[in-house]
1. Please specify each residue of the range 10-26 satisfying the condition of being open to solvent by 30 Å² or more (accessible area, probe 1.4 Å), in a strand (DSSP E or B) and in contact (Cβ under 8 Å) with a residue 40 or more places away in the chain.
2. Taking the residues in the range 124-138 that are farther than 12 Å from Val44 by Cβ and of a type in the set (A, V, I, L, M, F, W, C) as candidates, determine which candidate is most open to solvent (accessible area, probe 1.4 Å).
Amino acid sequence: MATVLAVCTSEKKGVQKLAVPEISVEKGHGVKGDAHAGDWHRQVSLLAEESVDKVRALLPDIAAGAFAENILTRGITLYELPVGTRLRVGEALLEVTQIGKECHHGCAIYQAMGDCIMPREGVFCRVLQGGVLKVGDDLQIVAEERS
């Protein structure tokens, strides 16, 4: 089973996020207090630690949130999920809306890391059902659930 390794947030876009004990996600909005929250399709970002491990070969001390992910997971290949996949993460229900994104080489993440894996392996979701998310929460692919 997949699990949440870290939950992260930031007040500004284009910067690394900081790991926090828990985050609150709001239906149709995203992570409360996070710069990327809002009425759009990329309300919450997820990245698998397996993806981060590919970069750790060169940069072993990469912290959770380094690639501006809200949720760092282990045990699921996120970037292989089709758009429309629904994920139960702790109390929340998320729907995958986008895999990867355009890279902005001028952002603080790319400048600090020399590469960014979010454009290739990051997953973006909208929040169908809100809740509190924390380290250790289960992450499961779910059959169609109507919210």
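1. Result: Leu18, Ala19, Glu22, Ser24, Glu26.
2. Only one residue fits best here, namely Val135.
Conditions tested, residue by residue: (1) open to solvent by less than 60 Å² (accessible area, probe 1.4 Å); (2) closer than 13 Å to Gly122 by Cβ; (3) of a type in the set (Asp, Glu).
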{"residue": "Val4", "(1), (2), (3)": "yes, no, no"}
{"residue": "Gly28", "(1), (2), (3)": "yes, no, no"}
{"residue": "His36", "(1), (2), (3)": "yes, yes, no"}
{"residue": "Ser51", "(1), (2), (3)": "yes, yes, no"}
{"residue": "Val55", "(1), (2), (3)": "yes, yes, no"}
{"residue": "Ala64", "(1), (2), (3)": "yes, no, no"}
{"residue": "Glu69", "(1), (2), (3)": "yes, yes, yes"}
{"residue": "Thr73", "(1), (2), (3)": "yes, yes, no"}
{"residue": "Gly100", "(1), (2), (3)": "yes, yes, no"}
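The values are calculated or read from the model by the stated rules, or taken from the named source; none is laboratory data. Remember, it's a predicted structure, so these values are computed and weren't measured experimentally. All Cβ positions, even for glycine, are placed from backbone atoms using ideal geometry, and neighbour counts span all protein chains on display. The accessibility values were calculated without ligands, DNA or RNA, using every heavy atom of the protein model including side chains. Shrake-Rupley method; radii C 1.70, N 1.55, O 1.52, S 1.80 Å.
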